[in-house]
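Participant: Before I ask anything, here is the structure I am working with.
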Amino acid sequence: MTLNSIGLNAKKAKEISKDLNNLLANFQIYYQNLRGVHWNIKGKRFFDLHVKFEELYTDANVKVDEIAERILTLGETPLHTFEDYSKLAKVPVGENVSEDEKAVRLIVDSLSELLKIERDILDKSGEMNDEGTNAMMSELITEQEKTIWMFKAWLG
């Protein structure tokens, strides 16, 4: 077994990087969804949601960077074209979403898809003793579960 520079099985690190690139692509779609609903939200809840969506896309931008840096840490190259992101997208694409409940449902649906990918990565990273990826997935999962709970409460 060949180890990479951080002591992980090089072959498994390459495999987990592929999964992280899939997460990266889907996170970029989620990020764009957040930008879109932030820009296009209308109605009586505009002020509250406009601010909340900005908070979420600012956080998502940080997470995208962290995922890409983890891929680099594992010795691989992060995807960086919209063509690659589109090919891998499982997160629904929101186009011209301006109604409050539709925007919130899009976010919940997007996070639900991200959670599926993250749980799969968490299982695989646990098997290969990749604590760096494990910690990242655990943090993402915990935050996103709470966000889903809050938005579902908002939806009633």
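Participant: Does region 2-38 hold any residues that are touching a helix residue (DSSP H, G or I) at 6+ places or on another chain (Cβ under 8 Å), free of Cβ contacts under 8 Å to residues at least 24 places away in the same chain and not in a helix (DSSP H, G or I), and which are they?
Facilitator: Across region 2-38, the qualifying residues are THR2, LEU3.
Participant: In addition: Inspect region 34-47 for any residue being out of contact with any Leu (no Cβ under 7 Å at 6 or more places or on another chain) and under 15 Å from PHE151 (Cβ atoms) and give the result as yes or no.
Facilitator: Applying the first criterion (out of contact with any Leu (no Cβ under 7 Å at 6 or more places or on another chain)) to region 34-47 yields 35-36, 38-40, 42-47.
Now restrict to residues that are under 15 Å from PHE151 (Cβ atoms): 38, 45.
For region 34-47, residues out of contact with any Leu (no Cβ under 7 Å at 6 or more places or on another chain) and under 15 Å from PHE151 (Cβ atoms): present.
Participant: Tell me which residues, restricted to region 80-101, are part of a loop (DSSP other than H, G, I, E, B), under 14 Å from the mean Cα position of the chain (by Cα) and more than 16 Å from VAL37 (Cβ to Cβ). Full working, then the answer.
Facilitator: Taking region 80-101 and keeping what is part of a loop (DSSP other than H, G, I, E, B), we get 80-81, 89-99.
Within this subset, residues satisfying the condition of being under 14 Å from the mean Cα position of the chain (by Cα) are 89-93.
Result: ALA89, LYS90.
Participant: Now for a separate question. Any residue in region 49-77 that is more than 25 Å from LYS18 (Cα to Cα) sitting within a Cβ distance under 9 Å of a residue that is aliphatic (A, V, I, L, M) and not in a helix (DSSP H, G or I)? List the pairs, counting only those 6 or more apart or interchain.
Facilitator: Pairs that qualify, where the first residue is more than 25 Å from LYS18 (Cα to Cα) and the partner is aliphatic (A, V, I, L, M) and not in a helix (DSSP H, G or I), are LEU49/ILE41; HIS50/ILE41; PHE53/ILE41.
Participant: In region 43-53, how many are in a helix (DSSP H, G or I), surrounded by 15 or more Cβ atoms within 10 Å (Cβ to Cβ) and not aromatic (Phe, Trp, Tyr)? Can you show your working first?
Facilitator: Restricting attention to region 43-53, the residues satisfying the condition of being in a helix (DSSP H, G or I) are 46-53.
Then drop every residue that is not surrounded by 15 or more Cβ atoms within 10 Å (Cβ to Cβ), which leaves 49-50, 52-53.
From the residues that got through so far, the ones that are not aromatic (Phe, Trp, Tyr) too are 49-50, 52.
Looking only at that region, the number is 3.
Participant: Tell me whether region 82-91 contains one or more residues that are in contact (Cβ under 8 Å) with a residue 60 or more places away in the chain, of a type outside the set (Gly, Ala, Ser) and loosely packed, with under 13 Cβ neighbours inside 10 Å.
Facilitator: Yes, some residue in region 82-91 is in contact (Cβ under 8 Å) with a residue 60 or more places away in the chain, of a type outside the set (Gly, Ala, Ser) and loosely packed, with under 13 Cβ neighbours inside 10 Å.
Participant: Output the residues belonging to region 120-156 that are closer than 24 Å to ALA13 by Cβ and either modelled with pLDDT under 95 or charged (D, E, K, R) (or both).
Facilitator: Matches in region 120-156: ASP120, ASP123, LYS124, GLU127, ASP130, GLU131, GLU139.
Participant: Here is a further query. In region 1-28, which residue that is of a type in the set (A, V, I, L, M, F, W, C) and surrounded by 22 or more Cβ atoms within 10 Å (Cβ to Cβ) is nearest to GLU143 (Cα to Cα)?
Facilitator: Applying the first criterion (of a type in the set (A, V, I, L, M, F, W, C)) to region 1-28 yields 1, 3, 6, 8, 10, 13, 16, 20, 23-25, 27.
From the residues that got through so far, the ones that are surrounded by 22 or more Cβ atoms within 10 Å (Cβ to Cβ) too are 8, 13, 16, 20, 23-25, 27.
Working: LEU8: 27, ALA13: 25, ILE16: 21, LEU20: 18, LEU23: 16, LEU24: 17, ALA25: 19, PHE27: 14 Å.
That would be PHE27.
Participant: Okay, moving on. Mind checking which residues of region 97-148 are closer than 21 Å to ASN40 by Cα and of a type in the set (D, E, K, R)?
Facilitator: Result: GLU99, ASP100, GLU101, LYS102, ARG105, ASP109.
Participant: Right, VAL104: at pLDDT 95 or above, assigned to a helix (DSSP H, G or I) and surrounded by 17 or more Cβ atoms within 10 Å (Cβ to Cβ) or not?
Facilitator: yes
Participant: Would you be able to say whether some residue in region 116-134 is within 13 Å of ASN33 (Cβ to Cβ) and either surrounded by 15 or more Cβ atoms within 10 Å (Cβ to Cβ) or of a type outside the set (D, E, K, R) (or both)? Please lay out each step first, then the result.
Facilitator: First pass over region 116-134, keeping only residues within 13 Å of ASN33 (Cβ to Cβ): none.
No, there is no match, as no residue in region 116-134 is within 13 Å of ASN33 (Cβ to Cβ) and either surrounded by 15 or more Cβ atoms within 10 Å (Cβ to Cβ) or of a type outside the set (D, E, K, R) (or both).
Participant: State which residue is farthest from GLY126 (Cα to Cα) when the search covers only region 29-42 and only residues that are more than 18 Å from the chain's Cα centre (by Cα) and surrounded by fewer than 18 Cβ atoms within 10 Å (Cβ to Cβ).
Facilitator: Filtering region 29-42 for residues more than 18 Å from the chain's Cα centre (by Cα) gives 39-42.
Of the ones still in play, those that are also surrounded by fewer than 18 Cβ atoms within 10 Å (Cβ to Cβ) are 39-40, 42.
Values: TRP39: 39, ASN40: 40, LYS42: 43 Å.
So the residue we want is LYS42.
Participant: State which residue is nearest to LEU140 (Cα to Cα) when the search covers only region 54-79 and only residues that are among the charged types (D, E, K, R) and outside any loop (DSSP other than H, G, I, E, B). Walk me through it before giving the result.
Facilitator: Pass one, region 54-79, residues among the charged types (D, E, K, R): 54-55, 59, 63, 65-66, 69-70, 76.
From what is left, the residues that are outside any loop (DSSP other than H, G, I, E, B) are 54-55, 59, 63, 65-66, 69-70.
Working: GLU54: 18, GLU55: 16, ASP59: 11, LYS63: 8, ASP65: 13, GLU66: 11, GLU69: 15, ARG70: 13 Å.
It comes out as LYS63.
The values are calculated or read from the model by the stated rules, or taken from the named source; none is laboratory data. The structure displayed is predicted, hence computed values, not measured ones. When we count neighbours, we look across all protein chains shown, and the Cβ atoms used for this are built from the backbone with ideal geometry, even at glycine.
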